[in-house]
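The values are calculated or read from the model by the stated rules, or taken from the named source; none is laboratory data. All values derive from a computational prediction rather than experimental measurement. Heads up, the Cβs are rebuilt from the backbone with ideal geometry, glycines too, and the neighbour counts pull from every protein chain shown.
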């Protein structure tokens, strides 16, 4: 089962040396346990569209993941509109899609919603998210239940969803922190604003760099760093849920 990683951002050079790039982070997130009947898990292929690689065909993989990025969905970059068109085509072709952070935002934009630089500013550090659709946790979340603690590092937020989308994750600082597109019980795409692919040490290093570069106020940054050490995050559980979603959606398409 092949999953294409649409890489829309790069880890800053020195941090990449220490922690690696985004595609390996998603490999660890999604391949945390065997998924196929063969025990082989997912085969992942990265498409570095942020670095000028051509937009692939939706049929080049069984499912797709859109990574995070320092860029905004509103930035006038040459790959933004082709990526939106790709996501619409992939959905029409029955390929399941997962979007994280920037991926969450561009899925909303591609399907008729809106993402903006939020006037409330940064959401930083580890925080609690409520996970529910119509008051109940989505079945594909499995044993995770109705809440999760995850890392957030973003200024932009989705502020409007298309009519066929449903919110499944919320926090005190982000009302639309997760979206399901199509039937909530068997969605065409799943997106999430926080970063289940970020290990705590990488999240802390990234926040420290934002403070060092003057992009984040020192007090806010210190609070964010303290939150990372306050309690464990549920990266592995969210990773299993997203992996199960992709595997189940691919299996359903093949059986149809």
### Task
Could you figure out which of (1) within 15 Å of the chain's Cα centre (by Cα); (2) under 21 Å from residue 246 (Cβ atoms) isn't true of residue 86?
(1)
### Among (1) in contact with a helix residue (DSSP H, G or I) (Cβ under 6 Å, 6 or more places away or on another chain); (2) on the phi > 0 side of the Ramachandran plot - the single one residue 65 does not satisfy
(2)
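Any chance you could count how many residues in the stretch 117-127 are surrounded by 16 or more Cβ atoms within 10 Å (Cβ to Cβ) and part of a strand (DSSP E or B)? If you could, list the steps in order and put the result at the bottom.
Restricting attention to the stretch 117-127, the residues satisfying the condition of being surrounded by 16 or more Cβ atoms within 10 Å (Cβ to Cβ) are 118, 122-127.
Remaining after also requiring part of a strand (DSSP E or B): 123-127.
The qualifying residues number 5.
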### Query
Taking interchain pairs and intrachain pairs at least six residues apart, which have beta carbon atoms under 6 angstrom, with the first residue in the stretch 86-104 and on the phi > 0 side of the Ramachandran plot and the second surrounded by fewer than 24 Cβ atoms within 10 Å (Cβ to Cβ) and modelled with pLDDT under 95?
94/253
### Summary
Every listed condition ((1) under 21 Å from the mean Cα position of the chain (by Cα); (2) not in a strand (DSSP E or B)) holds for residue 180 save (2)
### Query
Given the conditions (1) closer than 18 Å to residue 69 by Cα; (2) crowded, with 16+ Cβ neighbours inside 10 Å, which single one is not true for residue 221?
(1)
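Just for strands (runs of 3 or more DSSP E) wholly inside the stretch 1-68: which have at least 2 residues that are within 17 Å of residue 251 (Cβ to Cβ) and modelled with pLDDT of 95 or more? Walk me through it before giving the result.
Numbers: elements: 2-6, 43-47, 63-66.
Those strands (runs of 3 or more DSSP E) span 2-6, 63-66.
To keep it simple, each residue is scored yes or no on (1) under 20 Å from residue 90 (Cβ atoms); (2) over 19 Å from the mean Cα position of the chain (by Cα); (3) modelled with pLDDT of 95 or more; (4) part of a loop (DSSP other than H, G, I, E, B).
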site	(1), (2), (3), (4)
170	no, no, yes, no
187	yes, no, yes, yes
198	no, no, yes, yes
206	no, no, yes, no
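Step by step: first the residues of the stretch 132-150, then only those that are touching a helix residue (DSSP H, G or I) at 6+ places or on another chain (Cβ under 8 Å) and assigned to a helix (DSSP H, G or I), then the one that is surrounded by the most Cβ atoms within 10 Å (Cβ to Cβ). Which residue is that?
Here the residue is 141.
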## Note on the structure
Subset of the stretch 74-115, residues touching a strand residue (DSSP E or B) at 6+ places or on another chain (Cβ under 9 Å), surrounded by fewer than 24 Cβ atoms within 10 Å (Cβ to Cβ) and in a loop (DSSP other than H, G, I, E, B), comes to 74, 111, 112, 113
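Each row is one residue, and each column tells you yes or no for (1) under 16 Å from residue 98 (Cα atoms); (2) not in a helix (DSSP H, G or I).
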position	(1), (2)
216	no, yes
219	no, no
222	no, no
226	no, no
233	no, yes
242	yes, no
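Counting just the residues of the stretch 2-15 that are touching a helix residue (DSSP H, G or I) at 6+ places or on another chain (Cβ under 9 Å) and without any contact (Cβ under 8 Å) to a residue 12 or more places away in the chain, which one comes out nearest to residue 53 (Cα to Cα)? Don't jump to the end; show me each part of the working.
Just the residues of the stretch 2-15 that are touching a helix residue (DSSP H, G or I) at 6+ places or on another chain (Cβ under 9 Å), to begin with: 2-12, 14-15.
Now drop any that are not without any contact (Cβ under 8 Å) to a residue 12 or more places away in the chain, which leaves 11, 14.
Working: 11: 17, 14: 23 Å.
So the residue we want is 11.
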